[in-house]
1. So, in Å, what gap is there between the alpha-carbon centers of the range 122-150 and the range 1-70?
2. Looking at the range 1-102, which chymotrypsin sites (Phe, Trp or Tyr not before Pro) are DSSP coil and have at most 10 other C-beta atoms within 10 Å of their C-beta?
3. Can you work out the Karplus-derived ³J(HN,Hα) for every residue in the range 134-140? Use 6.51 cos²θ - 1.76 cosθ + 1.60 with θ = phi - 60°, whole Hz, and x for glycine or proline.
4. Subtract the Cα-Cα distance of Ile47 and Arg21 from 0.36 nm times their separation in residues, and report this length gain in nm to one decimal.
5. Rg to Rh ratio, the range 1-146, alpha-carbon atoms and Kirkwood radius?
6. Dipole of the range 1-104 (Lys/Arg Cβ +1, Asp/Glu Cβ -1, origin at the Cα centre): which of Gln98, Leu29, Ser64 lies farthest to the positive side?
7. Apply the Karplus parameterisation 6.51 cos²θ - 1.76 cosθ + 1.60, with θ equal to phi minus 60°, to every residue of the range 124-129 and state each ³J(HN,Hα) to the nearest whole Hz, in sequence, with x for glycine and proline.
8. Along the range 75-91, what does the Karplus equation 6.51 cos²θ - 1.76 cosθ + 1.60 (θ = phi - 60°) give for ³J(HN,Hα), rounded to whole Hz, x for Gly and Pro?
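What follows is calculated from the coordinates using simple rules that are stated; it is not laboratory data. Fair warning: this is a prediction, and the values are worked out from it, not measured in the lab. Virtual Cβ from ideal backbone geometry, glycine too; neighbours counted across all protein chains shown.
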Amino acid sequence: MNYRPINTWLYRARNLGLSYRIILIFSALSILATITEIFGIGIFLPIFQFIRLKGDVNALIADSSLWEHVINIFSYFGMQPTLVLLLFISFFFFSIRQIFVYLRLIYNTAIIQSLIQAQRNILFSNYIDASTSYHDRVPVGDLVNVIVTEVDNAGLKTTLIADVHTYSDGVNNIALEEGVGYIQKLIVSYTLPD
C-alpha cells in the first residue's frame, strides 16, 4: 500500500500547527458520529419487522436470527422489546449522533480559529522583522487588510499561497513572485531543462 499521500498530508498538517492529538480527536468525533448514525438508522429494520409481525417475539426470532440477539440483550436488562422502547433507542442514537456532530463542529471551529490566529501572528512578526524600505512601500492599511480579512478568508476557503523563490546561476537571476489568492483555475507553465 502506498502511504506517501498520507505522509504528505500529515507533514503539511504538522506544518500548519495541527498536532497528532488534534487530528486524532477530530477523527474520533467523526467516527463516533458515523457509528451512532449507523445504529440509529440500522434499528429501523427491526422496528419495521416488529410492526409487521405485530410484536410477536417468537415470529421475530423465526424470521431473523438477529432478533435472537436483540431479545437476549433485552432479557439481560430484564425488559421485553416494545415499539416504544425500540423507537426510544433509535431516538437515543440519533441524539448521541447530534452531540458528536455538535462537538466536532465546535472543535473544528476552535482549531480553525487557532490556525488563523497563528497565521496572523506569523504575518505580523514578519512585518516587524521586515526592512524599513518594505515598511515605506507597503501602506499599513494593506497590512491590516491582509491580517484581518485575507487570513480569515484563507482559513475558510481554498487558497493559493506561494513564497518568493529565487535562483541564480551567476548569469541569470530567476524569481517566482509571491502570490496569495483564491483558486478558481490554476494553470502552471514552465520549460523543462535540457
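1. Taking the Cα centre of each part, the range 122-150 and the range 1-70 sit 48 Å apart.
2. Tyr3, Phe77
3. 5, 4, 6, 6, 9, x, 4
4. That works out to 5.5 nm of additional length.
5. Checking Rg against Rh, the ratio lands at 1.31.
6. Leu29
7. Here the 3J(HN,Hα) series is 5, 4, 5, 5, 5, 7 Hz.
8. Listing the rounded values in order: 5, 4, 8, x, 10, 10, x, 10, 4, 4, 5, 5, 5, 4, 5, 4, 4 Hz.
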